[in-house]
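> My structure is below; once you've seen it, I'll send some questions.
The values are calculated or read from the model by the stated rules, or taken from the named source; none is laboratory data. All values reported here derive from a predicted model rather than from experimental measurement. Glycine also receives a Cβ, built like all others from the backbone with ideal geometry; neighbour counts cover every protein chain displayed.
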Amino acid sequence: MPQKGLLLSFVFLLFCLSAKAQSNPGFENRPDIPHCMLIILNEDWAEPGEISASVVKYNLNTRRNDRLKVSLLRMPYLSNLPVIYVREFRNEAHLLEYYKDLTNEKPDFMQMNIVDLLVPLSNANYNQVLIQKSLIGYQQFFDKYYAGKLK
């Protein structure tokens, strides 16, 4: 009979750990560390190489002194197309300024449904996306920590 109690305790512990993992996927609010942005492209419209070049051109024309770096990454758990990775933002404020400029100025690559999603991330949260291979839980994190700052 003691084994049954031990088994129930073990099942309860697994349930609690699972619930905690689902409600807190590991994203942390760390505004003072370096940040990056993932630009997820619409699979119907986008040509990743061209769009990546447009992002580089936009950065050179509007943010030359920021020295932002742009890469294409294969992240099949986020998109069938390569994801544009923009990095070297000093902190959250620097990144959110860039995010606002993209959404307000609407450069060519931000028009005609070419971009599906802009994902602003601290470098620590970017690492969390790589570990969990998804953005599960990120929308709630975004709504809590970023959305209000973008108005």
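> Just one of 67, 74, 87, 63 is basic (Lys, Arg) and touching a residue at least 40 places away in the same chain (Cβ under 8 Å); which is it?
The conditions single out 87.
> Just for region 11-27: of the residues that are of a type in the set (S, T, N, Q) and part of a helix (DSSP H, G or I), which one is modelled with the lowest pLDDT? Full working, then the answer.
First pass over region 11-27, keeping only residues of a type in the set (S, T, N, Q): 18, 22-24.
Next, only the ones that are part of a helix (DSSP H, G or I) stay: 18, 22-23.
Working: 18: 40, 22: 45, 23: 48.
Among them, the one singled out is 18.
> Can you give me the number of residues within region 106-128 that are crowded, with 16+ Cβ neighbours inside 10 Å and part of a helix (DSSP H, G or I)?
5
> Could I ask something else about it? Within region 141-151, can one find any residue that is in a helix (DSSP H, G or I), among the hydroxyl-bearing types (Ser, Thr, Tyr) and loosely packed, with under 15 Cβ neighbours inside 10 Å?
Just the residues of region 141-151 that are in a helix (DSSP H, G or I), to begin with: 141-145, 147-150.
If we keep only those that are among the hydroxyl-bearing types (Ser, Thr, Tyr) too, we end up with 145.
Still in the list and also loosely packed, with under 15 Cβ neighbours inside 10 Å: none.
Checked region 141-151: no residue is in a helix (DSSP H, G or I), among the hydroxyl-bearing types (Ser, Thr, Tyr) and loosely packed, with under 15 Cβ neighbours inside 10 Å.
Yes or no, residue by residue, for (1) modelled with pLDDT of 95 or more; (2) within 14 Å of residue 83 (Cα to Cα); (3) touching a strand residue (DSSP E or B) at 6+ places or on another chain (Cβ under 9 Å); (4) of a type in the set (Ser, Thr, Tyr):
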position: 109; (1), (2), (3), (4): no, yes, yes, no
position: 112; (1), (2), (3), (4): no, no, no, no
position: 116; (1), (2), (3), (4): no, yes, yes, no
position: 120; (1), (2), (3), (4): yes, yes, yes, no
position: 124; (1), (2), (3), (4): yes, no, no, no
position: 130; (1), (2), (3), (4): yes, yes, no, no
position: 137; (1), (2), (3), (4): no, no, no, no
position: 147; (1), (2), (3), (4): no, no, no, no
position: 151; (1), (2), (3), (4): no, no, no, no
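> From the list 129, 86, which residue is within 12 Å of the chain's Cα centre (by Cα) and over 21 Å from residue 60 (Cβ atoms)?
Numbers: 86 fails: over 21 Å from residue 60 (Cβ atoms).
After applying the criteria, what remains is 129.
> I've got another one for you. Residue check: is residue 131 out of contact with any Phe, Trp or Tyr (no Cβ under 8 Å at 6 or more places or on another chain), among the aliphatic types (A, V, I, L, M) and part of a helix (DSSP H, G or I)? Talk me through it step by step, then tell me what you get.
Numbers: out of contact with any Phe, Trp or Tyr (no Cβ under 8 Å at 6 or more places or on another chain): yes; among the aliphatic types (A, V, I, L, M): yes; part of a helix (DSSP H, G or I): yes.
So residue 131 fits the description; yes.
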